[in-house]
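Read through the structure below, which is laid out as structure tokens, and then see the notes.
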Amino acid sequence: MTITHLRSNRFRMPDHPKPIENMSETEPTLIVHPREGTPDPTDTPADLERAIKKLAASPMPVAIDVERASGFRYSDRAYLIQIRREDVGTFLIDAATLPHLQSLGAALQNAVWILHAADQDLPSLREANLHAPELFDTEVAAQLLGFERIGLTAVLERTLGVTLDKEHQASDWSNRPLPRAWLRYAALDVEFLTQLYRALSHELYEAGRWDWAQQEFEHILNLPPKPADPNKWRSIPGAGKIRTRRQLAILEQLWRAREEIAKEQDIAPTRLISNRTLVSLAFKPPRNKRALLNIQQMRRPRARSHTDEWMSAIKHAKCMSEADLPPLRKHTPPGSLPKVSGWRSAHPDEFARLKVVRRAIEPLAQQIGIDPAVLLEPRIQKRLAWDGPVLRADEMRDYLRRRGAREWQIERVADALVEAIN
């Protein structure tokens, strides 16, 4: 199969036989071994060069996945990158030992990249100097086809009648050497992506939704990086129960100290001190090191080795002037929206409009069998309700377009929103 590249960054739907009917009614087959066996990791420059030569010679789609160490490391970098092209097999690229992958990326520019939940993996791939020329996201395809469950295992079961063991999904992929069972798991994550791509492409085409998918994939590829949230510390579970600005200041300073240490050591912040302990320290700050070390979790080696930093953070917050203390409620930056949970009492007109917008979207989504959030993103629904425009149909289309709605969405919701809001 050859993928034809166009300037519009679109590609031709692949040839594919009609999918098996009623696949979901049969018991899925558990796959435990890759077809060609479990490959050894590509972890030396010589191995990488051989892999690049084989991958560059293939015209087949690029099935790709990323394993990170979320919950173990501070960074969201890729530690293992799985790549499969059907005619040359699967390669497990050790991104921890091979940080310079520009040549690998250049070898993969001649075909569409197939990922599941691409928005999660693309930032890590870009950090590794791997940039997708074109995209097919099997999760997004499943959403556009109205699948109730959109995880990779569920989509494989429904579409191909196979299932995978996800035992090592949350493992620490920064460990070296990687156990053989982990490598087998990683290889299987890309084993069926190309088949899934062909099957879902066919379903999208038959449903008249192929163009919808192309617009969604292009949108994902062009998403800008998420800006850092200066108030991220306020999202710690339990922080909402704090009732004084001084306690909030202690929580913020402890959180910032934890972030700095975690970043420097590349360790997940909660592996230093749990969120629950941070909140507890803010509620009842210890007077000195001895009181701090009377707390059980603070006696653990990772936390104890930074006792000076914790006490310095607490002391700094205690010495802050009243004017410098954080406000009890998070400041809403210009252009951003407050949480919807507070609209009913604080912003009743906007809350009423949001209900109108949702009532307009829900039946349209039901008619075509997809989730309302897929038909129009909740962030756009909320923005429309907040801005409260009374617009003509052509103005509504321009408004939705500026807010990031895709053309296929605009065509289906603009008139209904004009009627509902007016």
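Each residue of the range 56-68 was assigned a 3J(HN,Hα) from its phi angle through the Karplus expression (A = 6.51, B = -1.76, C = 1.60, θ = phi - 60°), giving 5, 7, 9, x, 6, x, 9, 7, 9, 8, 10, 10, 10 Hz with x at Gly and Pro. With a 1.4 Å probe rolled over the protein heavy atoms of all chains, the accessible area of Thr38, Thr332 falls in the order Thr332, Thr38, largest first.
With the simple spin-label model, which puts each label point 7 Å out from Cα in the Cβ direction, the Leu223 to Val88 separation comes to 2.9 nm. Rolling a 1.4 Å probe across all protein chains gives Ser336 an accessible area of roughly 50 Å².
In a fully extended conformation the segment linking Thr244 and Phe283 would gain 13.1 nm over its present Cα-Cα distance, using 0.36 nm per residue.
Taking Lys232 as the anchor, which lysines have their alpha carbon closer than 20 Å to its alpha carbon, excluding any fewer than eight residues away along the same chain? Qualifying lysines at Cα under 20 Å: Lys241, Lys263, Lys330, Lys339. Scanning the chain for GluC sites (Glu not before Pro) lying in DSSP loops with no more than 12 further Cβ atoms inside 10 Å, the longest uninterrupted stretch between such sites is 168-422. The loop-placed trypsin sites (Lys or Arg not before Pro) in the range 312-347, going by DSSP, that have at most 12 neighbouring Cβ atoms within 10 Å of their Cβ come out as Arg329, Lys339.
If you sort Arg271, Arg359, Arg77 by accessible surface, 1.4 Å probe, largest first, the order is Arg359, Arg271, Arg77. Backbone geometry of the range 203-217 corresponds, through the Karplus equation with coefficients 6.51, -1.76 and 1.60 at θ = phi - 60°, to 3J(HN,Hα) couplings of 5, 4, 5, 5, 7, x, 10, 4, 5, 4, 4, 4, 5, 5, 5 Hz, x marking Gly and Pro. Note that the range 123-135 has calculated 3J(HN,Hα) couplings of x, 5, 5, 5, 4, 8, 6, 10, 10, 6, x, 8, 9 Hz, one per residue in order, obtained from phi through the Karplus relation 6.51 cos²θ - 1.76 cosθ + 1.60 (θ = phi - 60°); glycine and proline are x. Normalised by 2.2 N^0.38 Å, where N is the number of residues, the alpha-carbon radius of gyration of the chain equals 1.15. Computed with every protein chain present, the accessible area of Arg158 is close to 100 Å² [probe 1.4 Å]. The range 33-157 gives an Rg/Rh value of 0.96, both radii derived from C-alpha positions and Rh following Kirkwood. Residues of the range 279-300 with an amide N closer than 20 Å to a point placed 7 Å from the Cα of Leu325 along the Cα-to-Cβ direction: 279-288.
Amide hydrogen proximity for Asn129: with H placed 1.01 Å from N in the peptide plane, no residue at 5 or more positions away or on another chain lies under 5 Å.
Note on the range 343-422: Rg/Rh from Cα positions, Kirkwood definition for Rh, rounded to two decimals, is 0.94.
Once Rg and the Kirkwood radius are both taken over the C-alpha atoms of the range 265-422, their ratio Rg/Rh works out to 1.22.
The values are calculated or read from the model by the stated rules, or taken from the named source; none is laboratory data. Computed from a predicted model, the values in this text were never measured in an experiment. Cβ: placed from backbone, ideal geometry, glycine included. Neighbour counts: every protein chain shown. Protein only, heavy atoms only, side chains kept; ligands, DNA and RNA dropped before computing areas. Shrake-Rupley method; radii C 1.70, N 1.55, O 1.52, S 1.80 Å.
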